[in-house]
1. What ³J(HN,Hα) values, in whole Hz, does the Karplus curve 6.51 cos²θ - 1.76 cosθ + 1.60 give for segment 225-242 when θ = phi - 60°, with x put for Gly and Pro?
2. Quick check: pseudo-label points 7 Å beyond the Cα along Cα→Cβ at LEU26 and LEU77, how many nm apart are they?
3. Under the rule of at least 5 residues apart or a separate chain, name every residue whose amide H is placed under 5 Å from the amide H of GLU37.
4. For GLN52 and GLU106, calculate 0.36 nm times their separation in residues minus their Cα-Cα distance, and state this gained length in nm to one decimal.
5. So for the pair ARG144, ALA69, with labels modelled 7 Å out along Cα→Cβ, what separation do we get in nm?
6. Stick to the Cα atoms of the chain, pair each with every other, and give me the Kirkwood hydrodynamic radius in Å at one decimal.
7. For the residues PHE5, PHE101, PHE228, what sequence is obtained by ranking on other C-beta atoms within 10 Å, fewest first?
8. Which of rounded, prolate, oblate describes segment 1-80, given a ≥ b ≥ c as roots of the alpha-carbon gyration tensor eigenvalues and a/c under 1.5 marking rounded, otherwise prolate only if a/b is larger than b/c?
Amino acid sequence: MTRNFFIGGNWKMNGSVAEVNKLVELLNNIDVPANTEVVVAPPALYIDRVNQAVKKEIKVAAQNTYIKASGAYTGELSPQMLKDLGVNWVILGHSERREYFKESDELVGQKTRFALDAGVSVIACIGEKLEEREKNITNDVVARQMKAIANEINDWTNVVVAYEPVWAIGTGKVATPDQAQEVHHFLRKWLAENVSAEAAEKTRILYGGSVNGGNCKDLATKPDIDGFLVGGACLKPEFADIVRSRQ
Ligand code: PEP
């Protein structure tokens, strides 16, 4: 198994010019291990600035894109615009987009296809809410979210899946390594049964939800955890420890 480790940093709607400059300095001082990919997602307004200032081992992503290349879609951003700026990644389907902006599974699937067709790689987020976990339907929920993506795409080469239980995002309540591994294992099996053995073997599945410098090493020992999508802690110096958690 030769899946490179992958660390995503989701800055969400945080930052100012001064803070962005500090974060870029922090990123440029991280010694990125050879087997680890790092992709950070600043707010749209700062993407170009970060992309120009960050060292080349670290890539930049948008936090969202739309399903049109251009036109009368006020406030939206297209994957073609990202490509124009040399930005090759986008986070899609984050639970905050699903919850606050009412993005459906279908729209996330369509956005994924549109971004991939434009040549932009996708960090596709899925995950159950607390009440769904309590009802024991976690696997059903993540399978439904995966299916909506699989309905739109055949080739998963440029997709990284981020399993982010909603109850763990921004709450300080991290899934245990066993809880995360259980769902990651289910997702890999789902890929094998519904896409292909190759997709199951090669697709990186990240864990996201209150990952920090203290818990990342334990989570990273699990065989089906191929990295992390990090929110709060990616704005702090401990992001360097997370990037190096598989060492
Ligand atoms: C996220 O927003 O994707 C996330 C995982 O946030 P946090 O690390 O703050 O829980």
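What follows is calculated from the coordinates using simple rules that are stated; it is not laboratory data. All values reported here derive from a predicted model rather than from experimental measurement. All Cβ positions, glycine included, derive from the backbone under ideal geometry; neighbour counts span all protein chains shown.
1. Per-residue couplings from phi come out as 9, 9, x, 9, 10, 10, x, x, 6, 7, 9, 10, x, 5, 4, 4, 5, 5 Hz.
2. Output for this residue pair reads 1.9 nm.
3. Amide H neighbours of GLU37, under 5 Å, 5+ apart: PHE5, PHE6, ILE7.
4. Contour length minus the Cα-Cα distance gives 16.1 nm.
5. Distance between the two pseudo-spin positions: 3.5 nm.
6. Roughly 17.9 Å, rounded to one decimal.
7. Listed from fewest to most nearby Cβ atoms, that is PHE101, PHE5, PHE228.
8. oblate
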